[in-house]
Amino acid sequence: MDAGTEGAGCSFCGRSAGEAGEAGEVFAGPGMNICRECAGAAEAIVREYTDGAVQVRLPRWDGMGEDEMLAQIPRIAAVADQVEADLRVWVRELRRRGVTWARIGGVLGITRQSAWERFSGGERFTGEE
Ligand SMILES: [Zn+2]
């Protein structure tokens with residue numbers, strides 16, 4: 001399991017590995033995690049659509065009441081925090097490997113100064129690459 005997201009919950013159902021129990025082991029991907037149960041549900045959905053036309057139903061709030069939508073917001077925010085935390089771990093590892101702020105900023109479409117401001121967390125900006 002990726003060290004950066006260890007202990008974080010499933011990005012889909014919001015349950016932590018502990019809450020999901022033994023059968024609910026959470027697997028880490030870049031920026032998001034999935035528990036065994038959600039992976040199984042995803043597989044079932046893929047299987048269901050394999051032979052038919054793919055129907056993507058967007059937006060997800062079709063048919064949802066405001067209370068139901070409001071109940072989803074904290075989970076979405078938690079996933080956003082989780083993705084941000086994982087992004088920081090990836091950037092920290094890239095910095096450990098000597099990758100410049102300019103290159104990190106470049107792939108994110110921001111300046112090296114912006115990359116440093118967003119991710120450095122106190123690392124001194126020397127103005128070097
Ligand atoms: Zn899940």
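The values are calculated or read from the model by the stated rules, or taken from the named source; none is laboratory data. This structure is a prediction, so every number in the text was calculated from the model and none was measured. Every residue, glycine as well, gets a Cβ built from its backbone with ideal geometry; the counts of neighbours run over all protein chains shown. Ligands, DNA and RNA are excluded from the accessible area calculation, which covers all protein heavy atoms including side chains. Shrake-Rupley method; radii C 1.70, N 1.55, O 1.52, S 1.80 Å.
Side notes on the structure shown:
- Counting only protein chain heavy atoms and rolling a 1.4 Å probe, the accessible areas of Phe12, Phe119 rank, largest first, as Phe12, Phe119.
- Residues Thr111, Thr100, ordered by accessible area of protein heavy atoms at a 1.4 angstrom probe radius and largest first, appear as Thr111, Thr100.
- Spin-label pair Leu87-Tyr49: with each label point 7 Å from Cα along the Cα-Cβ axis, the two points sit 2.5 nm from one another.
- Residues Cys38, Cys10, ordered by accessible area of protein heavy atoms at a 1.4 angstrom probe radius and largest first, appear as Cys38, Cys10.
- When nucleic acids and ligands are ignored and a 1.4 Å probe is applied, Glu19 ends up with an accessible area of around 130 Å².
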